[in-house]
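Here is the structure we will look at, set down as structure tokens.
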Amino acid sequence: MKLHLNFRKIGGNPTTTTTAGEQQPNLSTSVSNVVTPSSGVKPQQQQQQQQHFDDGHGGHNIGGLLSIQKHMKGGFEKVLTKTSDFAAYLPFSRNIGIPKGGSLILSIFSEEKKVNAFKEESSKVYNNKDGEDLKQDLHQSHKLACHDQNISVLYVYFLSILLVSHQTKSIKVTISQLCEYFGFDNELHTQYAAHAYHLTKYYLYELNKRKETVTKSLNVNEFSDKKMFEKYKLAQLNQLNELLFKLSNVSLNTLSVIVNLFNAKGLPKKDMGSNSDPYVNIYLKKDDGTPLLKNKPSISSESFARSSCMKNNLSPEWNETFVVSTNDIKENKLVLSVYDLDLVTKNDFMGFMVVDLESEQGILKTKENIQEYPLLPKPPSDSNNKLFLVKFVKHVYRKSGGSLNSSSSTAAGLGTIKIGYYWMTREIFKLEEAKKMIDQIESQPMNGADEDQYLIPNLIDFSHDKCLKSFCVIFIQGASSCTFPDHIESLLNQYQKRVLLSPMVKLLCHLERLLEIFVITTQVLDQMKQLIVKMIEMLKNDPVQPDPILSRYKKTLEATKSLFKGLISKYGLSFPVSVEGNKIQGISEENAKLLGKCIEILRTIHYDMPSKELESMISVLVKQYIQFFYSMIKERSQIRIEDSGDFDNIVSLLDVYDAIETQITNDIDIYSVLFPKGVNIGDLSAYNYYKLLKQDTLDQLAREKKVCMETFFLLKKIQNLHNGVLQSYIDQDAQLVKEKMDIDNIFSKFVSMWISETEKQFHSWIQRSLSKEAWKPSDLKNGVLHSFSVMDLFSIFEVGKNHMVSLQINIDNSMFDYLSVVNIVYNAYIEDVMVSIQKDLDQNDASNPVSQKVEEINEKSTNLFTKFIQDTRKALKIETTNNNNNNLTNSSSHIKQQIPINNSTSVITMSTCVKLNCIEFSRFLLDEYITDVQNKLNPSLSDKVESTFKASFTKTRQRFDHHIEQVISKLGKWIKIALDIAIRQQTPSKKPAKLQNTTLNLIDLSPITFPQEQVDSLLEELLAFLNNELTTLSGNLYQPTFSRLIKSVWINLWREVDAILFSQEVLKKESFETLHWRSSLVLSMYPTLESFFNADGGGTSIDQLKASSDYLFQKMNLHYFKNDNHHLIK
């Protein structure tokens, strides 16, 4: 027979069905993923990530509370500070394309807002202080209950249990709470209450039928052995017998009324000297034809109650509650009679009222009936039948206008009384009567008027485990509703006993539902632990359970275990740390508690497992998380670089290092204290993450064919791990010591590649730098006379050296390779500069006479020199005073003529001077560079470093000296012309007297004295030239170079004088008298020239000048002659 409940239309439910073939939720796959992939990831990537998140036993829905933690610190660290275009000679970083996964890494801290919003919303819904939001939410959710047949059956049984137990004092409150909890309206509740009333009638029949089922139909195959079967069978029978025994000492039929007596108004005055002293009798009366006010129950009867007496009061306020009950359900008239208490005479009747409970619609109402009734006068003595009573009551009411209100008291003159009443009745058929009724129901067609009777067999035979499942599905909706109110729990327990459901069923249904809607909250975890503890204790105390229940228990417990193993195996994502800005603040107190509770639940499930085995199992879970998290980070960090389709590259690996370093730090500093002591999460994290990083690092570097700056960023990441978070592990943990990466060996090839690449870039830089070089002083105002190129050259040398040193690996051999590159590049730079100097010296500028090449002294060269002096005078038109402080070559005080200065037409240009300065300054920088390298390397390698650059120093010095000589040679050619004009081209004005002995050595002649004006006139062009050239050089050359050059000019000058006076050609050609005259002229010129080069002490010292010219005077063989206007000359 099908079940024909007169319920509302039954709708579908997503987790339960109403067919006989209902499928239970598959708990092995009911747990959804701990983490969901980012919505921005492509489908195939989602599938890959799904594999990462799926731990093999399904997942669980945690309500969006979890998200992937962002461990990335963002961007690559820059090892080097700002330098001179370092990227120009070394690839600083590869071009980064689009991340494979959409965004580089998912940020918990971008997802954290969603988490907080979820928690905040949950708080609003479930934790409101006044409870209104909670009520509204439950009301909304539980509307599903009225559309579910299983819930309807359960509700009917709950009401029947209340009727059977007949808990008179609390039933009114219980019914109200029950109806509100299920969300049924009054109409539906009334309908179910009627079903419950009829079900209760067959309570004895139901219990006995269940006994027959246990005795005859219990399947022995559902138990592991026959002994277990007999124990379970006996326990079931004992449970039914206990319920039957409770009814053996009570009446099967009971009617009870709860009366709230509030007040009365307008009572009549019965006493002469004072107001009345009213009290009320409350009792149940059978409608048997006897007067209502006669044959009342005895005062000790349960069907009778009396209120207190209110002295001297015609409008008394009682506010008292009474319960009257009877075992005769025909006593269904509730009578309240009011009397005036008299101590001497008989109590005076003041009025009465009656409620016909038989005419009340429905039982187990959700609220009491509160009303103000008019008091009626005592009926006539012959009103001993029901018909008369009805007529009498109608007559009184008709006088009051046809309504039962306070105005009725005016008609009757007796006042009103206000009461509230709530009644319930229980009627249980005896077994024989019930069987007879069931036989009639099953043998006759259903009569519409008695359709409730036809529900009974189906209600009794209903699959009640479905009711519990549906109940849990509907009423466990979230974190706040994961438990049941106490009155519901009590009803569930009584329901299980009545329908012979094992207590395990309710616990299993409850736990299964929590698994289905799992959310990580304290309430849910506490409830799950309580359920697991109860089931474990239940099986310890009563292991006799049918195999289907035991199998379901094991399956559910296994699903629970899988859930929490999954949570712990993803602990870093399930219970993330808190982040504020870019700083990790630690794990919140809430997440720490949740993780601890998950571990406790796992410990509870494995209560019989030794601690070491449990800790070993948790350690395996931690390793699973390490592998999972590493794979996830690796997947999310993949970036395509350049034009390659390869997403596995060194740039991605750098991001992996950042994330893993953060996770290791979190494990050591934060998570380690939350796990059992035997689970050394710090060691597990350090070793396993490092091992994974090492493998990927070696694989990646093996594929690298080029070197880039990210290569050395990777080196820094490894060193940061070694010297930072892993420092205490890398040197002490035996496993990590074996796994430690040999970075000296791993990166040696990349250092060599870098050096090779650097050499190419250095040479390229030289070409670019020199092509743009203007050869001007960097800062002439502050005396910086070299150009920028030499500084830039050593800047990049310094950057390269600092890069090598910053690698913090054994670079001794590599450093010598790098120094060799520096040496090569330096020599190449010097060579280019010297070639440029040579071009300057060979330059033939038509606009500058002194730049013209001259090979011999002739009229042309003399005219060029003369023109140069004339042009200089004409262009500048300035007078040179004797105390000119702008140069080191001030004229002698004897020079009276104007000596012009024209730097723009100098033989040696400013650019040549700057190039010479670059060479000189480069030697200084190179020396400092070598010293610094020696200080940073092993002291034993100092000599080797010095020898590397020794040849460069020697070669540079030689080339530099060569170019200085070329400069002097170029100047010397014009000095020679000027001296030729001043000395050789001069002849005596009168013929000298002939001498007896023409041998100079045998004749002692006094020198000829020349006027100073004549000397100055002869030296004017020479001094003008020297003043112009030396002024240019003094302002554009560093002092050491200039001092050396001016000394060389001085020496060159006297060598030219020597050639003019005493060359073999001159001695053969010129007469002795002419030689004597010219020698005297030279002697007269010497003081002026000496004063010019000494520059009043600002130039070359007198001693140095004499030492350089002394050989010439010795050659003259002139001995101690005195000239008043000159120094004594030996």
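The values are calculated or read from the model by the stated rules, or taken from the named source; none is laboratory data. Owing to the predicted nature of the structure, the values given are computational and were not obtained by experimental measurement. FYI the Cβ positions are ideal-geometry reconstructions off the backbone, even for glycines, and counts take in every protein chain you see. Heavy atoms of the whole protein, side chains included, go into the accessibility calculation; ligands, DNA and RNA do not. Shrake-Rupley method; radii C 1.70, N 1.55, O 1.52, S 1.80 Å.
Observations
- Pairs are defined by a Cβ separation below 8 Å, a sequence spacing of at least 6 or placement on different chains, a first member in segment 929-941 that is free of Cβ contacts under 8 Å to residues at least 40 places away in the same chain, and a second member that is open to solvent by 90 Å² or more (accessible area, probe 1.4 Å) and of a type outside the set (A, V, I, L, M, F, W, C); the pairs so defined are Ile930/Glu946; Gln934/Glu946.
A quick yes/no check of all residues on (1) at pLDDT below 85; (2) β-branched (Val, Ile, Thr); (3) over 22 Å from Phe924 (Cβ atoms):
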residue	(1), (2), (3)
Ser756	no, no, yes
His763	no, no, yes
Lys781	yes, no, no
Gly800	no, no, no
Asn827	no, no, no
Val835	no, yes, no
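- Of the helices (runs of 4 or more DSSP H) lying entirely inside segment 712-814, those carrying at least 3 residues that are under 28 Å from Val656 (Cβ atoms) and among the aromatic types (Phe, Trp, Tyr) are 743-771.
- Of all the residues in segment 756-806, those that are closer than 18 Å to Val933 by Cα, β-branched (Val, Ile, Thr) and open to solvent by 40 Å² or more (accessible area, probe 1.4 Å) number 1.
- Residue, least open to solvent (accessible area, probe 1.4 Å), within segment 199-230, restricted to residues that are more than 18 Å from Val153 (Cα to Cα) and not in a helix (DSSP H, G or I): Phe223
Here's the yes/no breakdown for (1) assigned to a helix (DSSP H, G or I); (2) modelled with pLDDT under 85; (3) among the small types (Gly, Ala, Ser):
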| site | (1), (2), (3) |
| --- | --- |
| Lys990 | no, yes, no |
| Thr998 | no, yes, no |
| Phe1010 | no, no, no |
| Ser1017 | yes, no, yes |
| Leu1023 | yes, no, no |
| Val1049 | yes, no, no |
| Val1082 | yes, no, no |
| Tyr1086 | yes, no, no |
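- Qualifying residue in segment 646-664 (condition: more than 22 Å from Phe713 (Cα to Cα) and either loosely packed, with under 15 Cβ neighbours inside 10 Å or aliphatic (A, V, I, L, M) (or both)): no
- Identity of the residue in segment 825-843, among the charged types (D, E, K, R) and not in a loop (DSSP other than H, G, I, E, B), that ends up nearest to Gln767 (Cα to Cα): Asp832
- All positions within segment 697-711 that are surrounded by fewer than 17 Cβ atoms within 10 Å (Cβ to Cβ), charged (D, E, K, R) and not in a loop (DSSP other than H, G, I, E, B): Asp699, Arg703
- Hey, Asn221 within 30 Å of Thr321 (Cα to Cα) and modelled with pLDDT under 90 or not: no
- From the list Asn313, Asn295, the lone residue that is of a type outside the set (Asp, Glu), open to solvent by 40 Å² or more (accessible area, probe 1.4 Å) and modelled with pLDDT under 85 is Asn295.
- If you go through segment 633-680 and keep only what is farther than 14 Å from Gly572 by Cβ, at pLDDT 90 or above and polar (S, T, N, Q), you end up with just Asn680.
- Residue identified as more than 16 Å from Lys1047 (Cα to Cα) and either in contact (Cβ under 8 Å) with a residue 12 or more places away in the chain or among the acidic types (Asp, Glu) (or both) among Leu1083, Leu1105: Leu1083
- Restricting attention to segment 548-594, the residues that are hydroxyl-bearing (Ser, Thr, Tyr), closer than 29 Å to Ile536 by Cβ and either open to solvent by 30 Å² or more (accessible area, probe 1.4 Å) or in a strand (DSSP E or B) (or both) add up to 1.
- Of everything in segment 931-952 that is open to solvent by 10 Å² or more (accessible area, probe 1.4 Å) and β-branched (Val, Ile, Thr), the residue that is nearest to His962 (Cα to Cα) is Thr948.
- Flag if Val656 is more than 17 Å from Phe564 (Cβ to Cβ) and hydrophobic (A, V, I, L, M, F, W, C): yes
- Matching residues, segment 358-376, being of a type outside the set (Asp, Glu) and either modelled with pLDDT under 90 or open to solvent by 40 Å² or more (accessible area, probe 1.4 Å) (or both): Ser359, Gln361, Gly362, Ile363, Leu364, Lys365, Thr366, Lys367, Asn369, Ile370, Gln371
- When each of Thr321, Thr290, Thr254 is tested for being assigned to a loop (DSSP other than H, G, I, E, B) and either modelled with pLDDT under 95 or closer than 22 Å to Tyr197 by Cα (or both), the lone residue that passes is Thr290.
- Exactly one residue among Ser298, Ser315 is in contact with a strand residue (DSSP E or B) (Cβ under 9 Å, 6 or more places away or on another chain) and free of Cβ contacts under 8 Å to residues at least 24 places away in the same chain, and that residue is Ser298.
- Selected residue (only one of Val524, Val577 is closer than 28 Å to Val620 by Cα, aliphatic (A, V, I, L, M) and touching a strand residue (DSSP E or B) at 6+ places or on another chain (Cβ under 7 Å)): Val577
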